[in-house]
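*Asks:* Structure in structure tokens, see below.
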Amino acid sequence: MSKGTLFVISGPSGTGKGTVCNELLKREPIFLSISATTRDRRNNEVDGVTYYFVSREKFQQMIDEDEVLEWAVYNQNFYGTPKRAVEDMLAAGKNVLLEIEPQGALKVKEMLPETVLIFILPPSMQELKKRLDERGRETPEQVRERLDAAAWEMEQAAKYTEVVVNDDLEACIEAVIQIIRKRTADVEIIERLLKEKY
Ligand code: 5GP
């Protein structure tokens, strides 16, 4: 069976990438990798579903034992992609989605250059701040930290394969779906050609 394709979605906090990813999972045959993190679990989050919530010691052990494909520090917390699940899904021919920040995304691209990196941009910084304020999930200080992080993250966007602006949610989801379908179709053509006798 042919290998699946790895897709990465990044974007500043508040850009709506979580919503885009959730919709993708409902609409496309693609599997989300569940990351490990040392950050505190929020009320609506479920261990093993949203993230694997682990201690710093456990996270360090995962790094030492080469169990993470990539990892990064974001706002003083560790985040990483468990390697085994991703490798197994790709080997089984499934398309896999990572929702990770740019340090990790660019490491993945270095290791696996065929990865498709998609960056979701907000329509404006004003709008990004408004979305973070309205979401009410972070303290004003945390919102400030996330906006500072956003500026650095957006500088990385030009290194991505594709950039999509999330002005209109539905249009943004549709654009991401088209990117995924196009790559999947391209991979199929390449594989078919490579199997042809000449
Ligand atoms: P949050 O705390 O809002 O859930 O996530 C903070 C940031 O960490 C987001 O940009 C999210 O995409 C990123 N992130 C989540 N999981 C991973 C991961 O496994 N690796 C990396 N590098 N970033 C991650």
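*Asks:* Output the relative contact order of region 36-144, whole-number percent, from Cα pairs under 8 angstrom with separation of 6+ residues.
*Replies:* 17
*Asks:* Taking amide H positions as placed 1.01 Å from N in the peptide plane, with prolines and chain starts having none, which residues 5 or more places from LEU32, or on another chain, fall under 5 Å of its amide H?
*Replies:* Amide H neighbours of LEU32: LEU97.
*Asks:* In whole percent, and with a 1.4 Å probe on the protein chains, what portion of the accessible area of the chain is carbon and sulfur?
*Replies:* In the chain, the share of accessible area belonging to carbon and sulfur is 52 percent.
*Asks:* Quick one: compute the contact order of region 89-198, relative version, from alpha carbon pairs under 8 angstrom and 6+ residues apart, as a percent.
*Replies:* 28
*Asks:* Using Cα pairs closer than 8 Å and at least 6 residues apart in sequence, work out the relative contact order for the chain, in percent.
*Replies:* RCO, the chain: 31 percent.
*Asks:* Would you please classify the overall shape of the chain from the alpha carbon gyration tensor, given that a ≥ b ≥ c denote the square roots of the eigenvalues, rounded means a/c under 1.5, and beyond that prolate means a/b larger than b/c while oblate covers the rest?
*Replies:* In terms of gyration-tensor shape, oblate.
*Asks:* Where nothing but the Cβ of Lys and Arg (+1) and of Asp and Glu (-1) is charged, how large is the charge dipole of the chain around its Cα centre, in debye to the nearest 20?
*Replies:* With Lys and Arg at +1 and Asp and Glu at -1, about 340 debye.
*Asks:* Determine ³J(HN,Hα), in whole Hz, for all residues of region 155-165 in sequence, where each value follows from phi through the Karplus function 6.51 cos²θ - 1.76 cosθ + 1.60 and θ = phi - 60°; x replaces Gly and Pro.
*Replies:* After applying 6.51 cos²θ - 1.76 cosθ + 1.60, I find 5, 7, 4, 5, 7, 7, 5, 9, 10, 10, 8 Hz.
*Asks:* Over region 74-146, one equal point on each Cα, no solvent: what is log10 I(q)/I(0) by the Debye formula at q = 0.13, 0.26 Å⁻¹?
*Replies:* Summing over Cα pairs of region 74-146 leads to -0.57, -1.24.
*Asks:* Per-residue counts of other Cβ atoms within 10 Å, averaged by peptide: what ranking do you get for 116-125, 165-174, highest first?
*Replies:* Put in order of decreasing packing, that is 116-125, 165-174.
*Asks:* Counting only DSSP beta bridges with both residues in region 61-193, tell me the antiparallel percent, nearest 5.
*Replies:* The antiparallel proportion sits near 60 percent.
*Asks:* State in Å² the accessible area per residue of the chain; use a 1.4 Å probe, count heavy atoms of protein chains only, and round to the nearest integer.
*Replies:* In whole numbers, the chain has 56 Å² accessible per residue.
*Asks:* Across region 56-71, in residue order, what do the Karplus-derived ³J(HN,Hα) couplings come to in whole Hz, using 6.51 cos²θ - 1.76 cosθ + 1.60 with θ = phi - 60° and x for Gly and Pro?
*Replies:* Karplus-based 3J(HN,Hα) across region 56-71 equals 4, 5, 5, 4, 4, 4, 4, 5, 4, 8, 6, 9, 10, 5, 7, 8 Hz.
*Asks:* Next question, about the same structure. Using alpha-carbon positions, what is the distance between the centroids of region 38-115 and region 149-173, in Å?
*Replies:* 20
*Asks:* Using DSSP to define loop residues, name the GluC sites (Glu not before Pro) in region 55-85 whose beta-carbon has at most 12 other beta-carbon atoms within 10 Å.
*Replies:* GLU65
The values are calculated or read from the model by the stated rules, or taken from the named source; none is laboratory data. This is a predicted model, so every value here is computed, not measured. Methodologically, a virtual Cβ is constructed for each residue, glycine included, from the backbone with ideal geometry; neighbour enumeration extends over all protein chains shown. Remember, those area values only see protein heavy atoms, side chains included, never the ligands or the DNA or RNA. Shrake-Rupley method; radii C 1.70, N 1.55, O 1.52, S 1.80 Å.
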